[in-house]
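Shown next, in structure tokens, is the structure this report addresses.
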Amino acid sequence: MRIISGKYKGRRITPPGNLPVRPTTDMSKEALFNILNNYFNFSELRILDLFAGTGNISYEFASRGAEPVVAVDGDFGCVSFIKKTAKEFDFDITPIKSDVFKFLEKNKASYDIIFADPPYGMEQKDFERIIQLVFENELLEEDGMMIIEHSKHTKLEHMKNFSFSRNYGGSVFSFFEFEGNEEDIDEEAEDDEFES
């Protein structure tokens, strides 16, 4: 995988082959950040990366100037790799080994962007629980955005605070905001970015 933009644009990162992960593809990641560019100047944004895996998304945010980034994963190997890579690149990333649901229940901080990439096979009710915990516990800033990556078999359009979704390959990105925040995006430009 590679960092697609920012200070370390083009740098490749090679995680160990034994990590239990399914990293977001470079093409999907580029499409995601094209959309986020319509909303945010990444400098000094507070980021929460849930089910962080290799840290792929965390590195992208950090390369673009976001700080601090908190990366949460339940696997020790993933957390160790993120810690090692963050030190190598001097990224302001704090990896935390924790069950994501327990973290969301106990965490008191709030973030500008929350990204979650759970296992695609996770149950529908658990995807919904992520959304509920984020908004119930006020973990997202009022002008912030939460993005959940999932397969086309998971449906999240019915959830409160759902804004829009975009399909890319076998992945779907569902975006959540507080009501009224979605008016700023240029829908036409957004659609163009997902045409191949």
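The values are calculated or read from the model by the stated rules, or taken from the named source; none is laboratory data. What you are looking at is a predicted structure, and each value in this text was computed from that prediction instead of being measured. Note that each Cβ is placed from the backbone with ideal geometry, even for glycine, and that neighbours are counted across all protein chains shown. Just the protein is used for accessible areas: all its heavy atoms, side chains included, with ligands, DNA and RNA removed. Shrake-Rupley method; radii C 1.70, N 1.55, O 1.52, S 1.80 Å.
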Give the long-range amide H neighbours of Tyr168: residues separated by 5 or more places, or on another chain, with amide H under 5 Å away, using H modelled in the peptide plane at 1.01 Å from N. Phe173
Two-site FRET efficiency, Lys9 against Ser80, from Cβ-Cβ distance with R₀ of 22 Å, rounded to 0.05: 0.30
For the chain, averaging the sequence separation of alpha carbon pairs under 8 Å that lie six or more residues apart and dividing by its residue count, the contact order in percent is 17 percent
For Phe81, what accessible surface area do you get with a 1.4 Å probe? Give it in Å², rounded to 10. 20 Å²
Cβ-placed point charges (K, R +1; D, E -1), dipole of the chain about Cα centre in debye, nearest 20: 1400 debye
Tell me, what is the percent relative contact order of segment 61-111, built from C-alpha pairs under 8 Å that lie six or more residues apart? 41 percent
Per-residue ³J(HN,Hα) for segment 114-123, Karplus 6.51 cos²θ - 1.76 cosθ + 1.60, θ = phi - 60°, Hz, x for Gly and Pro: 10, 10, 10, 10, x, x, 4, x, 4, 5
To the nearest 0.05, the calculated FRET efficiency linking Tyr120 and Asn37 through their beta-carbon distance, R0 being 25 Å, is 0.45
Given springs between every Cα pair under 10 Å in a Gaussian network model of the chain, which of Arg22, Arg46, Arg64 has the largest fluctuation? Arg22
Here the gain from full extension of Leu133 to Ala109, 0.36 nm per residue of separation minus their alpha-carbon distance, amounts to 7.3 nm
Quick note, segment 11-118: a/c under 1.5 would make it rounded; otherwise a/b > b/c is prolate and the rest oblate (a ≥ b ≥ c, C-alpha gyration tensor); here it is rounded
All lysines inside 23 Å of Lys84 as judged from Cα atoms, apart from same-chain residues fewer than 8 positions distant: Lys7, Lys9, Lys29, Lys97
Heavy atoms only, probe 1.4 angstrom, no DNA, RNA or ligands counted: give me Glu136, Glu105, Glu177 ranked by accessible area, highest first. Glu136, Glu105, Glu177
Env charge @ Val172, Cβ radius under 12 Å, K,R +1 / D,E -1, value 0
Residue by residue through segment 68-80, what is 3J(HN,Hα) from phi via Karplus (6.51 cos²θ - 1.76 cosθ + 1.60, θ = phi - 60°)? Round to whole Hz and write x for glycine and proline. x, 10, 10, 10, 10, 8, x, 9, 4, x, 5, 4, 5
